[in-house]
1. If a residue has to be acidic (Asp, Glu) and in contact with a Phe, Trp or Tyr (Cβ under 9 Å, 6 or more places away or on another chain) to count, how many in segment 188-229 make the cut?
2. Residues 31, 38: which one is within 25 Å of residue 277 (Cβ to Cβ) and in contact with a Ser or Thr (Cβ under 7 Å, 6 or more places away or on another chain)?
3. Which of the residues belonging to segment 281-305 are under 24 Å from residue 241 (Cβ atoms), out of contact with any strand residue (DSSP E or B) (no Cβ under 6 Å at 6 or more places or on another chain) and assigned to a loop (DSSP other than H, G, I, E, B)?
4. I'd like the residue in segment 192-212 that is surrounded by fewer than 15 Cβ atoms within 10 Å (Cβ to Cβ) and touching a residue at least 24 places away in the same chain (Cβ under 8 Å) and, out of all such residues, is nearest to residue 223 (Cα to Cα).
5. Look at segment 81-107 and say how many of its residues are touching an Asp or Glu at 6+ places or on another chain (Cβ under 6 Å) and under 17 Å from residue 47 (Cβ atoms).
6. So which of 266, 232, 286 ends up being more than 26 Å from residue 16 (Cα to Cα) and of a type outside the set (A, V, I, L, M, F, W, C)?
7. Please enumerate the residues belonging to segment 259-294 that are among the charged types (D, E, K, R) and under 27 Å from residue 236 (Cα atoms).
Amino acid sequence: MQLRVLGSAAGGGFPQWNCNCPNCDGLRRGTLKAQARTQSSIAVSANGQDWLLVNASPDVLAQIRANPELQPARAVRDSGIACVLLMDAQIDHVTGLLMLRERGSPLPLLATPEVLSDIGEGFPLTRILSHYCGTEALLLQPDGSLQTVPGLPGLAVRPIALSSKPPPYSPFRHCPRPGDNIGLLIENPDNGARVFYAPGLGEVTPELLDLMAQCQIVLVDGTFWTEDEMQRLGLSKKSAAEMGHLPQSGPQGMISQLDRLPPGVRKILIHINNTNPILQEDSAERSLLAEHGIEVAWDGMDLVF
């Protein structure tokens, strides 16, 4: 089983188009030891040819160009993307659906009822796409049960409801529902190896920690370093928690949670905001992650399990 990181940044990418924070400005000037990143998305395949696209970022066309496996060219019009799965309805995870509108048949779309309601009404992507390729809505039940992926034999997933928030445009922004945001357990049926993917994570519960402890790889929310990161930089009035993310630092932060996992679990952060100092490869924060055995995902990273 193969997992390819197509994009590793949070919304806006890195550098963000309108941002002159120390990270973005330093990358543009060439004074920062860091890599540019597109907005977060992964692709998963059981055979290396047919892929499940997990989240369709606004950068999806650039990501397809950067990953030739997603364009096998078996016909005049072709794609290795057999199905799209949405973890939530955030703009940086769904807007790329519009870029896939030239598909010759309805796009299979796996999502929870809550996510489908948000992109059907609040941000009516599925209604817009009905005038182009259309979509084939396939319901995900975020109860941890095993669900097969149509068109992708050998690939099944277990969606798990997470504590987080729906997008700002959602009418349920201030009263989250189970299913607004999910984690994804992906298992290789041949060897039992497991990967847990959760780019938006507001809380690590004991049950979730137990599940992560049974995985070979966890690929989880790396959005912010501190709870007040955006506030201190004058970029937002909202804290990490108010945006639905668990920062890395602090007594109950992501580092302390990942430290509780057993040795041998590979720990990787993804969905990294442009303001996060861990983007600087020679920063003290990046060194601290390394001391705790935590990696930072990058565009093009390959995980085989």
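1. Final tally of qualifying residues: 0.
2. Details: 31 fails: in contact with a Ser or Thr (Cβ under 7 Å, 6 or more places away or on another chain).
Just one listed residue meets the conditions, 38.
3. The answer is 283, 292.
4. Taking segment 192-212 as the starting set, the residues that turn out to be surrounded by fewer than 15 Cβ atoms within 10 Å (Cβ to Cβ) are 192, 203, 205-207, 209-210.
Checking which are touching a residue at least 24 places away in the same chain (Cβ under 8 Å) leaves us with 203, 205, 209.
On the way: 203: 13, 205: 18, 209: 19 Å.
Per the criteria, the residue is 203.
5. Within segment 81-107, the subset touching an Asp or Glu at 6+ places or on another chain (Cβ under 6 Å) is 82, 89, 106.
With the extra rule that they be under 17 Å from residue 47 (Cβ atoms), the set shrinks to 82.
Count: 1.
6. Numbers: 232 fails: more than 26 Å from residue 16 (Cα to Cα); 286 fails: more than 26 Å from residue 16 (Cα to Cα).
Unique residue meeting the criteria: 266.
7. Here is the first cut: in segment 259-294, the residues among the charged types (D, E, K, R) are 259-260, 266-267, 281-282, 285-286, 291.
Within segment 259-294, 281, 282, 285, 286 meet the criteria.
Condition check ((1) of a type outside the set (A, V, I, L, M); (2) over 19 Å from the mean Cα position of the chain (by Cα)) across all residues:
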{"residue": "111", "(1), (2)": "no, no"}
{"residue": "118", "(1), (2)": "yes, no"}
{"residue": "129", "(1), (2)": "no, yes"}
{"residue": "134", "(1), (2)": "yes, yes"}
{"residue": "142", "(1), (2)": "yes, no"}
{"residue": "151", "(1), (2)": "yes, yes"}
{"residue": "159", "(1), (2)": "yes, no"}
{"residue": "164", "(1), (2)": "yes, no"}
{"residue": "167", "(1), (2)": "yes, no"}
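FYI, it's all coordinate maths here, none of it is from the lab. None of the values given here were measured: they were computed from a predicted structure. All Cβ positions, even for glycine, are placed from backbone atoms using ideal geometry, and neighbour counts span all protein chains on display.
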